[in-house]
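Participant: Structure provided below as structure tokens; questions to follow.
We did not get these values from a lab; they are worked out from the coordinates using the rules stated. Being a predicted model, the structure only gives us computed values, none of them experimental. Note that we place each Cβ from the backbone using ideal geometry, even for glycine, and neighbour counts take in every protein chain shown.
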Amino acid sequence: MRRFALHTMVASNELDPQFIIETARMLFTLAVRLRDELGIQLEFVNLGGGIGIPYRPGEQAMSYAEVSDGIRALYEQIIEPAGLGGLKLSFECGRVMTGPYGVLVSRVRHVTRKYKDYVGLDACMANLMRPAMYGSYHHITVLGKGEGSPTQVVDVTGSLCENNDKFAIDRELPVMQPGDVVVIHDAGAHGHSMGFNYNGKLRSAEYLLRQDGSVEMIRRAETMDDLFATVEW
């Protein structure tokens, strides 16, 4: 028995609901065409991922109600009249489910000036790869230094010997000193899950902040024994 479904991935971190709705229109139309021209009855349509989160201050989160209403209207307009009313739909929304609910907490190790100002952290791209990999923006705050604090424009760097190991480039942030605690936001979807051990970097522990304010370690920090656990001597 052969079974069929449709799956697409045409958006990434999209904040415009119409983009997702038009993706549904495209797949619904194709589902009807596959049935009419080839006799293929689909079990489900996977609309993929792509729903984004507002990484930058001032950005608006996508309206899930608008997405839902728009897709429902298309389903009633295209799928049901074609006799495909039992067609199931699915999404892959990992970013919006996890991204905004994880932060990378790091400490300033060094502050230096060469031809520009640098702030070096004890975290690195092994903890959060996106900024180094493709220049993604992650908002950064410094604990205890809010609005009105003196600022400076800096590159925020990691601790690897890689010239792209940076969390921010030419970012205006509060003036920092060694020991300051830095919070890098929206790291829940692409942080630990993309971690690696380059240069012998051990992955950090993960902590869960509960609604009552308590904190619980849910993943311990790696040790050197972990790093060499798969080596045959």
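Participant: Considering only lysines 8 or more places apart in sequence, or on different chains, count the pairs in the chain whose C-alpha atoms sit under 23 Å apart.
Facilitator: Numbers: 114/166; 116/145; 116/166; 145/166; 166/201.
Lysine pairs satisfying the spacing and distance rule in the chain number 5.
Participant: Identify which of the listed values of volume of the Cα convex hull per residue in Å³ was calculated from the structure shown: (1) 203; (2) 139; (3) 123.
Facilitator: The calculated read-out lines up with (1).
Participant: Taking the mean number of other Cβ atoms within 10 Å as a proxy for protection, how do you rank 199-212, 181-194, 112-125 from highest to lowest?
Facilitator: Values: 199-212: 12.4, 181-194: 19.6, 112-125: 16.6.
Highest-to-lowest ranking by the protection proxy: 181-194, 112-125, 199-212.
Participant: Multiply the residue gap between residue 193 and residue 73 by 0.36 nm, knock off their C-alpha separation, and tell me the result in nm, one decimal place.
Facilitator: 39.6 nm
Participant: Under unit Cβ charges (Lys, Arg +1; Asp, Glu -1), what dipole magnitude, rounded to 20 debye, does the stretch 4-98 have relative to its Cα centre? If you can, show how the numbers build up before the last one.
Facilitator: Details: 7 positive and 12 negative charges, 33 e Å.
Dipole about the Cα centre, nearest 20: 160 debye.
Participant: Hey, could you pull the Cα Rg and Dmax for the stretch 86-198, both in Å?
Facilitator: Expressed in Å, the Cα Rg and Dmax of the stretch 86-198 come to 15.8, 64.
Participant: Which FRET efficiency value, to the nearest 0.05, is calculated for residue 46 and residue 175 with the Förster distance at 41 angstrom and r the Cβ-Cβ distance?
Facilitator: Working: r = 48 Å, r/R0 = 1.17.
The pair residue 46/residue 175 has a calculated efficiency of 0.30.
Participant: P(r) tail for the stretch 4-98, what percent of Cα pairs lie past 17 Å?
Facilitator: Working: 2190 of 4465 pairs.
Here the tail beyond 17 Å accounts for 49 percent of pairs.
Participant: Quickly rank 100-109, 50-59 as a protection proxy: mean count of other C-beta atoms within 10 Å, highest first. Please list the in-between numbers first.
Facilitator: Values: 100-109: 17.6, 50-59: 15.1.
Ranking the peptides 100-109, 50-59 by packing returns 100-109, 50-59.
Participant: Using label points projected 7 Å from each Cα along Cα→Cβ, tell me how many nm separate residue 208 and residue 66, to one decimal.
Facilitator: Reported label-point gap for residue 208 and residue 66 is 3.4 nm.
Participant: Further question on the same structure: Calculate the all-directions average of the projected area of the stretch 120-175's alpha-carbon convex hull, and give it in nm².
Facilitator: Working: hull surface 15.3 nm².
That works out to 3.8 nm².
Participant: A further question on this structure: For the chain, set up a GNM with springs between Cα atoms under 10 Å and report which of 98, 29, 141 has the largest fluctuation.
Facilitator: Residue with maximal mean-square fluctuation among 98, 29, 141: 29.
Participant: Please name which of 57, 27, 44 has its Cα lying farthest along the dipole of the stretch 4-98 towards the positive end, using unit charges on Cβ (Lys, Arg +1; Asp, Glu -1) and the Cα centre as origin.
Facilitator: The residue sitting most towards the positive pole is 44.
Participant: I've got another one for you. Angle, helix 17-38 long axis vs. longest principal axis of the chain, Cα atoms, 0 to 90°, nearest 10?
Facilitator: 40
Participant: Given R₀ = 25 Å, what would the calculated FRET efficiency be for residue 112 paired with residue 143, taking r from the Cβ atoms and rounding to 0.05?
Facilitator: E(calc), rounded to 0.05, equals 0.75.
Participant: Quick check on the chain: helices-only [θ] at 222 nm, where DSSP H runs of length 4 and up contribute -39,500 (n - 2.57) each and the sum goes over total residues. Nearest 500, please.
Facilitator: Working: 5 runs with 47 residues, N = 233.
Result for the chain, helices only: -6000 deg cm²/dmol.
Participant: If you take every residue apart from residue 114 with its C-beta less than 15 Å away from the C-beta of residue 114, what net charge results, scoring Lys and Arg +1 and Asp and Glu -1? Working shown, then result.
Facilitator: Working: positive: 113, 116, 166; negative: 117, 155, 170.
Overall, the nearby charge balance is 0.
Participant: Between the stretch 193-233 and the stretch 99-148, how far is it from one alpha carbon centroid to the other, in angstrom?
Facilitator: If we compute the Cα centre of each part, the gap is 19 Å.
Participant: Using a simple charge model, +1 on the beta-carbon of Lys and Arg, -1 on the beta-carbon of Asp and Glu, nothing else, what dipole does the stretch 60-115 show about its Cα centre, in debye to the nearest 20? Could the numbers behind the result be given before it?
Facilitator: Values: 7 positive and 5 negative charges, 187 e Å.
Computed about the Cα centre, the dipole is about 900 debye.
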